[in-house]
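Working notes for the structure below.
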Amino acid sequence: MTLSQSAARAPRGTDLSCQGWEQEGLLRMMMNCLDPEVAENPHDLIVYGGTGKAARSWEAFEAIAASLRELGPAETLLIQSGKPVGVLATAPQSPRVVMSTAMLVPKWATWNIFRELEDLGLTCFGQSTAASWSYIGAQGILQSTAEVFSEVARRYFGGTLRGRLVVTAGLGGMGAAQPLAVTLNGGVALVVEVDEGRIRRRLASNYCDMMVRDLGQALSLAGEALTSGQSRSIALLGNAADILPALLERDVVPDVVTDQTSAHDMLFGYIPNGMPYAEALELRRTDPEAYKAAALDSICRHVRAMLEMLDRGAVVFEYGNGIRDQALKAGVERAFAFPGYVNGYLQPLYCQGQGAIRWIALSGDPGDIYAIDEALSRRFAADANLVRWLEFVQSRVAFQGLPARACWLTYEQRQELGVLVNEMVRKGTLSAPVAITRDLSHTGAEASPYRETEGMPDGSDTVADWPVLNALLNAACGASMVCVNHGPGVGIGNSIHAGYSVIADGSELAGAKLRSVLAADCAFSVVRFADAGSRPAVRKAIELGLKVPLLPRG
Ligand code: NAD
C-alpha cells in the first residue's frame, strides 16, 4: 500500500508542495475528496453516489498528484476519466486543469459498454463532484435538500412540515442530508437504509437522531413525534423495497415520499430486497447478471409502492436518482406519474440565476470559514434567510475534511462572494487561499432530462449543447479547473454536466478569474432558461442587461 492509499488527507497550513496556490488548491481538493472523513469508501477511491470516483486508480491518483506538484503557472494538465494524460503549454490566465469524465459516443453510452471499458481500465465513473474534486461531504447538499423540503412545505402544508411524516430511503453521501433537512423544516423523517455502517456514520455526525431495526418501533417513535409536533429523524435498518409495501399493508400513507438510494446504478448502487444485505453483496460478486435482475425487480416493487402512496394522497417525487427510468424500463408504465425534484421545486430558482456555491478553506483552519460566514452575514445582513442559515450550519453541522461551506446564493450575491473572499485572502484576513466551486447541478450547466432539464418550457430537455457551452465558457474565463462529466445523478446515458473551480489566492489574476467565471456562470443559467422561453428568466435577462440576441422582449 502506498502513502496515498493509507493517508489520502489534504495537507493543512501554508507550506506549498506545488509551484503555486492554484495547483496546490486543486491538489488539496482532490486529496480532500478521499479523506476518510469525507469519502464513503476511500480505499476504492469511491467518494459517493454509487461508484463516483476522484481518480481512476491509485496509480492515476499518484500521477495526478505528481503532475500537479510539477505543473508550471502557464501549463494545463489534461485529465481523461480520472487519469492524467498530458501537460501542455497554455497561459497563466488559462485553466490549470481541464477534465472530461466517463464521456462516451451517444450510441455506445450504456452501462454495459461503460463497464466493459472500465474493466479495460479505459474510463471511470465520476458522478458530479467526485471526479471534479468538489465534494465536501453531506453538508455540500444540505441546503439544497432543505430548500426542496421547504418548497414542499410551502406548496402543500402551509409552510412547515410540523406534524408531517416524510418517508425516504438511502443514507449515503448525498442521502445523508435528508433526515436533517426534514427536521430543519419541522417534520418527522423515516429513512430506510440497508447498510448499518452508513446509519452509524450519520448518527455520529448528528445528521440523524436515532436508529431502529423494527418497523413497528419506527412507527411508534414517528407517531409520538407527529402527535407532539416535535421534529425527529429515524433511520430504519431495512430495504426500501420491503418497507414501503409493508407501510401500505399497515395502511400508513406518509405525507411526503421520495428516495435517495443509488438507483441510477443497478450493479453497484441499488440493493435488492428479499435477501439479507450480506447475501446481496455476495450475489453481486458471484453472479452480477442475477444481481442486476434482482435489483430491478426490487425497484419495481419500490416504485409501485411509491405510486400507490401517490394515489392515496402522498406528495411523491424522485430525488434525482433515476429510479423512475429504471422502473419504466422494467415495465412499470406509470413510473413517471410523479415528478422529479428539480423540475418540481428548483427550476424557478435557477431561472433567476440563483444556485448553490461552495467554498473550501485550503488552510484547514475552521476560523477561515467562520470569518467568511461573518463577512457574508455583515454584507448581506438584509437577507434574513442567509444569515439564519449560516448561523444554523455553524452551530449544528460538523465539517468533514477541509472546513467548507455550501450556500444557496442569488445571482448578485455569488458575484460579490468571489471578490470578497479574494480580498480577504489578499489582506491576510484568512490564513490561506480558498477554493470556490459548485456542484454540477445548475441547469445551465447540464443536460439531464430526468433531473435538471426535465420539463424545459421549450421541450429542449435532451439537448446537450448546454453543458459543453458552459465548460467552454468557464475555460475561456480562466477557471482554475473546468470539467465535463457524463452520467452524474441519473447514470450513464442519462446526463451530461459541467463544473468549475477557482482558487482565490488573493492575487489580481485570481480576482479577474473569479469576476469573470462567476459572472459568466450565473448569467449562463439565466440565458439557458431565457432561450427555453421561461418568462421569469427572460425578465431576469432583461433586468441584468444580458445580451441575448433573440431574447423575446414581451
Ligand atoms: P450512495 O451510493 O453514497 O448511497 C446510497 C445509499 O442507498 C447507500 O447507503 C445504500 O446502502 C442505500 N441503499 C441502496 N439500495 C437500498 C435499498 N433498496 N433500500 C435501502 N437502502 C438502500 O449515494 P448518494 O451519494 O447518497 O446518492 C444517492 C442517489 O442520489 C444517487 O443515485 C445519486 O446519483 C443521486 N444524487 C442525488 C443528489 C442530490 O442532489 N441529492 C446529487 C447527486 C446524486
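The values are calculated or read from the model by the stated rules, or taken from the named source; none is laboratory data. Computed from a predicted structure; not experimentally measured. Here the Cβ is made from the backbone with ideal geometry for all residues, glycine too, and neighbour counts use every protein chain on show. Surface accessibility is based on the protein's heavy atoms, side chains included, excluding ligands, DNA and RNA. Shrake-Rupley method; radii C 1.70, N 1.55, O 1.52, S 1.80 Å.
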**Q.** Per residue accessible area in Å² of the chain, where ligands, DNA and RNA are left out and the probe is 1.4 Å
**A.** 36 Å²
Q) How far is it, in nm, from the label point at GLU116 to the one at ASP311 when both lie 7 Å from their Cα along the line to the Cβ? A) 4.0 nm
Q: May I ask you to evaluate 6.51 cos²θ - 1.76 cosθ + 1.60, the Karplus curve with θ = phi - 60°, for each residue of the stretch 399-412 and list the ³J(HN,Hα) values in order in whole Hz, giving x for glycine and proline?
A: 6, 10, x, 4, x, 8, 9, 10, 9, 8, 10, 6, 3, 5
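Packing-wise, with mean Cβ within 10 Å as the measure, how do 171-177, 152-158 rank, highest first? Could you put the intermediate results ahead of the total?
Details: 171-177: 27.9, 152-158: 16.0.
Top to bottom by mean Cβ count within 10 Å: 171-177, 152-158.
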Q) Stretched out fully, how many nm does the piece from ALA278 to ASP465 gain, at 0.36 nm a residue minus the Cα gap? A) 63.0 nm
Q) Which of the peptides 236-249, 319-332 is most tightly packed, and how do the rest follow, going by the mean number of other Cβ atoms within 10 Å of each residue? A) 319-332, 236-249
Q: Give the angle, between 0 and 90 degrees and rounded to the nearest 10, that separates the Cα long axis of helix 240-249 from the longest principal axis of the Cα atoms of the chain.
A: 40 degrees
**Q.** Helix axis angle, 21-33 relative to the chain longest principal axis, alpha carbon, degrees
**A.** 20 degrees
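Note down the relative contact order for the stretch 192-298 as a percent, whole number, built from C-alpha pairs under 8 angstrom at least six residues apart. Walk me through the intermediate numbers first.
Working: 109 pairs, mean separation 26.1, N = 107.
So the answer I get is 24 percent.
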Q: Could you sort 353-360, 441-448, 74-81 so that the peptide with the highest average Cβ count within 10 Å comes first and the rest follow in order?
A: 441-448, 353-360, 74-81
**Q.** Under Karplus coefficients 6.51, -1.76 and 1.60, residue-wise ³J(HN,Hα) of the stretch 498-508 in Hz, glycine/proline x
**A.** 10, x, 8, 9, 10, 8, 7, 9, x, 7, 5
(Q) Across the chain, what fraction of all alpha-carbon pairs, as a whole percent, falls in each successive 20 Å bin from zero upward? (A) 23, 58, 19, 0
Q: Between the alpha-carbon centers of the stretch 150-197 and the stretch 491-551, tell me the distance in whole angstrom.
A: 31 Å
Q: Just list whichever of LYS53/LYS107; LYS427/LYS547; LYS83/LYS107; LYS53/LYS427; LYS53/LYS513 have alpha carbons separated by over 31 Å in the model shown.
A: LYS427/LYS547; LYS53/LYS427
Q) Under a straight-distance cross-link criterion of Cα-Cα below 14 Å, which aspartates and glutamates are reachable from LYS329, leaving out those fewer than 8 residues away in the same chain? A) ASP265, ASP297
Q: Would you mind checking the tilt of helix 384-396 against the longest principal axis of the Cα atoms of the chain, expressed as 0 to 90 degrees and rounded to 10?
A: 80 degrees
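Out of the total accessible area of the chain (probe 1.4 Å, heavy atoms of protein only), what percent is carbon and sulfur?
Numbers: 10630 of 19990 Å².
After summing per-atom areas, the C and S share lands at 53 percent.
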Q. Of LEU45, THR429, TYR291, whose Cα points farthest to the positive end of the dipole of the chain (charges on the beta-carbon: +1 Lys, Arg; -1 Asp, Glu; origin at the Cα centre)?
A. THR429
Q. Given charges of +1 on the Cβ of Lys and Arg and -1 on the Cβ of Asp and Glu, with all other atoms neutral, how large is the dipole of the stretch 192-309 about its Cα centre, in debye to the nearest 20?
A. 300 debye
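Given N residues in the stretch 363-502, what is its alpha carbon radius of gyration divided by 2.2 N^0.38 Å? List each step's numbers first, then the result.
Values: Rg = 17.1 Å, N = 140, 2.2 N^0.38 = 14.4 Å.
So the stretch 363-502 has a normalised radius of gyration of 1.19.
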**Q.** In sequence order, calculated HN-Hα J values of the stretch 521-527 (Karplus, 6.51, -1.76, 1.60; Hz; x Gly/Pro)
**A.** 5, 5, 5, 4, 4, 5, 4
Q: Can you find, among LEU203, GLY172, THR76, the residue farthest towards the positive end of the dipole of the chain? Put +1 on the C-beta of Lys and Arg, -1 on that of Asp and Glu.
A: THR76
Q: Can you tell me the dipole magnitude for the stretch 139-345 around its Cα centre, using point charges on the Cβ only (Lys, Arg +1; Asp, Glu -1), in Debye to the nearest 20?
A: 440 debye
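Restricting to DSSP H runs of at least four residues, report the calculated mean residue ellipticity at 222 nm for the chain, -39500 (n - 2.57) per run over all residues, nearest 500 deg cm²/dmol.
On the way: 19 runs with 234 residues, N = 554.
Helix-only estimate at 222 nm: -13000 deg cm²/dmol.
Relative contact order (percent) for the stretch 492-554, with alpha-carbon contacts under 8 angstrom and 6 or more residues of separation? It would help to have the intermediate numbers written out before the result.
On the way: 32 pairs, mean separation 11.9, N = 63.
For the stretch 492-554, the relative contact order is 19 percent.
How large is the charge dipole for the stretch 62-154, taken about the Cα centre, if only the Cβ atoms of Lys, Arg (+1) and Asp, Glu (-1) carry charge, to the nearest 20 debye? Walk me through the numbers on the way to the answer.
On the way: 6 positive and 8 negative charges, 26 e Å.
Value, rounded to 20: 120 debye.
State, as an integer percentage, the relative contact order of the chain based on alpha-carbon contacts under 8 Å between residues 6 or more apart.
Numbers: 1214 pairs, mean separation 83.2, N = 554.
Over the chain, the number comes to 15 percent.
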